[in-house]
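Read-outs throughout are calculated quantities, based only on the coordinates presented, and are distinct from any laboratory measurement. The model shown is predicted, which means the values in this text are computed figures rather than measured ones. Neighbour counts run over all protein chains shown; Cβ positions are idealised from the backbone, glycine included.
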Amino acid sequence: MTKTLSIIVASIKGGVGKTTVAVNLAVTLSIAGYKTLLYEMDTVNPGVGYHLGKLDEESHVQTYKPTGLQYVSAHVSESYDAPDAERASQLESEIKKGDYDFVIVDTQSADKSLLKKHFDSGLIIINPDEQSCAAGIMAKDLIESSGAKCNIMLNMGFEKPYALSDKEIEEMFGTPIMARAEEDLSLRKSLLEHVPNILTENAPKFSAQISKLARVYAAMIDEDYAQKFENFSRELGRAKSEIKKLQQ
Ligand SMILES: Nc1ncnc2c1ncn2[C@@H]1O[C@H](COP(=O)(O)OP(=O)(O)OP(=O)(O)O)[C@@H](O)[C@H]1O
Ligand SMILES: [Mg+2]
C-alpha cells in the first residue's frame with residue numbers, strides 16, 4: 001500500500017442513498033483494518049452525524065470509537081449555492097497528506113464543481129429509474145472528466161413497476177453494476193438508533209453488498225486484502241459490543 005485511494009460517492013440526484021453507502025463503506029473498511037477517513041462535503045443536508053450518532057457536528061477530524069474510523073462531518077451551511085471552497089481545499093490536503101488508506105467523500109447532489117476535481121475513483125449511487133440513472137450518468141461524466149473511473153451501485157426500488165432491468169442500466173452506463181442493494185427496512189432502524197447499518201443486529205442484506213464493495217476497493221490498493229478480511233467477523237463483533245457498551 002503506497003498511497004491514499006480517494007473515492008467520491010456521488011449522484012446529481014438527492015435521496016438515492018449516497019450518505020448511507022458512504023458511511024457504511026467507510027465503517028466496513030475501518031473494521032477490516034484500513035486507515036479510513038470519511039469526509040462529509042454535504043453542507044446542505046448533512047447526514048453523517050445521524051448514522052454515527054454524533055449530532056454535535058464539528059468540522060475537524062474526529063474518531064468514531066467503535067471502529068477507529070476517522071471522519072469530518074459537516075455543519076449546515078447558511079448559503080445554499082456557494083460550494084464550500086475552504087472545505088474542498090481541506091479535503092484535498094487530507095488526501096494529499098497520504099496518511100490514510102482510504103478517503104471516502106460524501107457529496108451534495110447539487111455540488112457539480114466538486115465532482116470535476118480529481119479523485120481516484122467514483123462510486124455512483126443510482127435507483128433503478130430513468131431520472132436517477134440520468135443523474136448518475138451526469139455525475140459519472142463529471143467525475144471521469146478528471147481521468148478517474150467510476151463504479152455503479154444500484155440501490156433500492158427493484159420492486160417498483162417502473163424499475164429498469166440490470167441489463168438496461170448496464171447498457172446506459174456502459175459498465176457492470178458493482179453492487180445491488182434492495183430496499184431494506186433495517187436501514188430505517190439503524191438511522192433511528194444512530195448506528196451504521198453494518199453495525200446493527202439482523203441487517204445482513206445491505207451489509208453484504210457493502211462488504212462486497214469494500215473488498216473490491218481493498219483489492220485496488222492491497223494485494224493481501226483477503227488476509228485483512230479474515231478477521232472481519234471477529235472485529236465486527238468487537239465493534240458491535242463497543243456500541244452496546246456505549247449505549248448502556
Ligand atoms: N437500500 C435501502 N433500503 C431502504 N432504505 C434506504 C436504502 N438506502 C437508503 N435508504 C434510505 O433512504 C433515505 C435516503 O438515503 P441517503 O440519505 O443515504 O441518501 P442521499 O443520496 O445521501 O440523500 P441526500 O441527497 O439528501 O444527501 C434514508 O432515509 C435512508 O435510510
Ligand atoms: Mg446524503
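Straight-line cross-link partners of K116 among the aspartates and glutamates, defined as a Cα under 20 Å from its Cα and at least 8 positions apart when in the same chain: E40, D42, D81, D84, E86, E92, E94, D106, D141, E144.
Computed from the alpha carbon atoms alone, the convex hull of the range 1-141 holds 105 Å³ per residue.
With both labels modelled 7 Å from their Cα along Cα-to-Cβ, the K167 to K245 distance reads 5.3 nm. Computed on the Cα atoms alone, the convex hull of the range 76-178 gives a volume of 124 cubic angstrom per residue.
For the residue pairs K18/K112; K35/K244; K54/K112, the C-alpha atoms sit more than 25 angstrom apart in K54/K112. The mean sequence separation of alpha-carbon pairs under 8 Å and at least six residues apart, normalised by the residue count of the range 1-144, gives a relative contact order of 42 percent. With N as its number of residues, the range 131-209 has a Cα radius of gyration that, divided by 2.2 N^0.38 Å, comes to 1.27. Cα convex hull, the range 117-248: 136 Å³ per residue, rounded to a whole number. Alpha-carbon geometry of the chain: the Rg and the Dmax are 16.9, 50 Å, given in that order. Rg and Dmax of the range 195-248, both derived from C-alpha coordinates alone, stand at 12.6, 40 Å.
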